[in-house]
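Some notes on the structure that comes next.
The values are calculated or read from the model by the stated rules, or taken from the named source; none is laboratory data. As the structure is a prediction and not an experimental result, all values here were calculated from the model. With ideal geometry, Cβ positions are generated from the backbone for all residues, glycine too; neighbour counts draw on all protein chains shown. Each accessible area value is taken on the protein alone, full model and side chains, heavy atoms only, with ligands, DNA and RNA left out. Shrake-Rupley method; radii C 1.70, N 1.55, O 1.52, S 1.80 Å.
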Amino acid sequence: MASRVNTSFTLIPNQKYRRRNHRSSRFSNILDPDSQPLSTLGNFKALPLEIFQIILRCLSVKDISVLSMVSKTVSQHIINYISTSSGSKRLLLQDFHNLELPDRRQDSTILEHYRSLGLLFKRCTLLLPTKERLKYIHKILAEVSCFKFNGCVTPLQCLGLPCYGMFLQTLTAGWDELECHRVYNFLCELTNLSRNMQTVVCSKPGVATKLELWIRLFCRNVFLDRWTRQSDSAFWLTCILKPWPMVNQARLLYIIFGPVAPQDGQVVWQKMIEGPADEPSLKGLADAIKLLYDTGTKEWTADDVISLVDELSVVPREWLLENNAHLLILSGNSVCFTFMASKAMNGRAIELARLIVFLALVCEKELYCMDWAVKMMQKVCKVFSTPVERNNFLQSVANAFAYVIMEMLQSVLSGEYAYHDEDNRSFLDLFHLVHAQANFHKEVLYLTMNTLST
């Protein structure tokens with residue numbers, strides 16, 4: 001049954017309502033939700049553009065990035081502000097060479113600024129396709145010479161590339177791999193990075209020293225350093241290495257992570273050949289190898305990483321075996337065991353036995369735990385399929401100790417050791433090796449006696 005409409009109340013005439021709306025329109029025009037410009041600009045519509053930009057100058061970069069999320073129109077106004085000479089001058093700080101502040105406070109201040117700037121650009125360009133985002137950002141950043149490959153005359157004292165890297169990392173955080181590949185390819189095309197890499201890997205080591213330095217600085221500061229997640233660092237390192245054959249991957253790895261001269265930052269190619277390298281000289285290479293092995297990315301199998309380590313040990317020529325052993329120790333248990341197990345399975349027991357000797361020597365010299373070397377040998381023994389093979393390997397280890405000691409003794413007596421040093425380092429190495437043999441066999445006896453007692 002239809003309900004009846006109550007007509008006892010007084011209807012307000014439409015004309016009067018419209019007239020009242022007309023009278024109040026001057027007060028409510030900036031709040032009218034039916035107006036499209038109003039809904040996107042809000043109260044800012046009442047402000048001239050110049051006043052809006054003055055307000056932006058009073059806000060921090062973080063606050064501007066938050067404001068950019070209000071609406072598409074506000075975001076567009078902020079983009080326009082960034083494109084102005086006053087906006088870019090204020091936002092694109094270029095004080096990259098100011099070393100006056102103590103405790104490197106200048107470094108953290110300007111890096112934090114470019115982190116915030118990366119977030120601002122990330123939010124402002126959110127609705128653009130990746131290619132358009134990159135083109136716009138490059139257009140804005142192109143005026144900063146220190147962001148360019150080979151763009152600064154004092155790159156070792158410059159924070160330009162680290163700031164550029166911080167900006168890009170913040171911008172691309174959370175992007176999927178396909179988009180990040182586009183970023184890498186865009187930058188490679190922009191900087192001719194691939195062509196520059198081809199030049200250095202096809203040249204003799206140390207010929208293109210300036211180019212080697214720039215490749216190292218650009219790759220480390222822009223792509224690799226300061227990531228909080230290892231998977232991110234592994235992704236960008238994979239982008240750098242994977243397009244190249246294994247031999248060139250090893251060369252690039254040495255350029256990017258190998259030892260450098262402290263005075264000019266140039267790669268020291270003879271470091272692993274002329275004498276034992278210290279831990280800092282090997283740490284970067286070891287961390288990179290461990291990164292590729294531990295992150296378990298589909299692009300890097302265990303065999304790939306072990307082949308890369310093998311190839312690295314002859315860059316630019318065959319390393320001292322002590323440096324090989326030290327690199328394996330720093331690369332971690334998994335890499336070290338996999339590398340040694342590969343040699344055991346391929347019938348290279350004598351070569352493996354000499355490696356055990358130098359693992360023990362490095363443990364002695366660097367004060368690492370000698371029982372680690374013994375347990376690693378014990379673990380490798382299980383790789384051999386028969387007791388005969390295992391016993392032959394252990395005999396080879398004992399023979400290798402004797403043979404290397406005799407080699408060093410002969411060098412001490414003849415005065416012609418593999419590397420020359422005024423401090424008679426060859427005698428000191430012989431001293432360490434004798435002690436290494438004693439401590440190694442002591443740990444073997446401990447292990448044997450503990451096994452028998454249980």
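Tabulated data for the structure shown
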{"item": "D_trans [Stokes-Einstein, Kirkwood Rh over alpha-carbon pairs] for region 296-336, 20 °C, 1.002 mPa s, µm² s⁻¹", "result": "196 µm²/s"}
{"item": "The chain, accessible surface, carbon-and-sulfur percent (1.4 angstrom probe)", "result": "55 percent"}
{"item": "Helix 160-172 vs. the chain, principal-axis angle (Cα, 0 to 90°, nearest 10)", "result": "70 degrees"}
{"item": "Taking the C-alpha atoms of region 190-305, convex hull volume expressed per residue in Å³", "result": "121 Å³"}
{"item": "Where the Cα pairs of region 316-454 fall when distances are cut into 10 Å bins, in %", "result": "11, 41, 35, 11, 2, 0"}
{"item": "Inter-part distance where region 190-210 and region 63-86 are each reduced to a Cα centre, Å", "result": "40 Å"}
{"item": "Projected area averaged over orientations for the chain, convex hull of C-alpha atoms, nm²", "result": "40.1 nm²"}
{"item": "Asn346 paired with Trp244, simple spin-label distance in nm, labels 7 Å along Cα-to-beta-carbon", "result": "2.1 nm"}
{"item": "Probe 1.4 Å, protein heavy atoms only - accessible area per residue of the chain in square angstrom", "result": "55 Å²"}
{"item": "Relative contact order of the chain, defined on C-alpha pairs under 8 angstrom at six or more residues apart (%)", "result": "9 percent"}
{"item": "Kirkwood-based shape ratio for region 250-393, expressed as Rg/Rh from alpha carbons", "result": "0.97"}
{"item": "Angle between the chain longest axis and helix 387-414 axis [Cα atoms, degrees, rounded to 10]", "result": "80 degrees"}
{"item": "Burial ranking of peptide ranges 68-81, 47-60 (average Cβ count within 10 Å, highest at the top)", "result": "68-81, 47-60"}
{"item": "Cβ-derived FRET efficiency at R0 30 Å, Thr297 paired with Ser60, nearest 0.05", "result": "0.20"}
{"item": "Inter-probe distance in nm under a simple model that places probes 7 Å from Cα toward Cβ, at Lys148 and Asp176", "result": "3.5 nm"}
{"item": "Listed pairs Lys298/Lys365; Lys122/Lys271; Lys89/Lys290; Lys122/Lys242; Lys298/Lys442; Lys89/Lys283 exceeding 32 Å between Cα atoms", "result": "Lys298/Lys365; Lys122/Lys271; Lys89/Lys290; Lys298/Lys442; Lys89/Lys283"}
{"item": "Around Ser65: net Lys/Arg minus Asp/Glu count, Cβ-Cβ under 10 Å", "result": "+2"}
{"item": "Degrees separating the helix 105-124 axis from the principal Cα axis of the chain, which is the longest one", "result": "50 degrees"}
{"item": "Gap separating the Cα centres of region 110-164 and region 256-301, nearest whole Å", "result": "28 Å"}
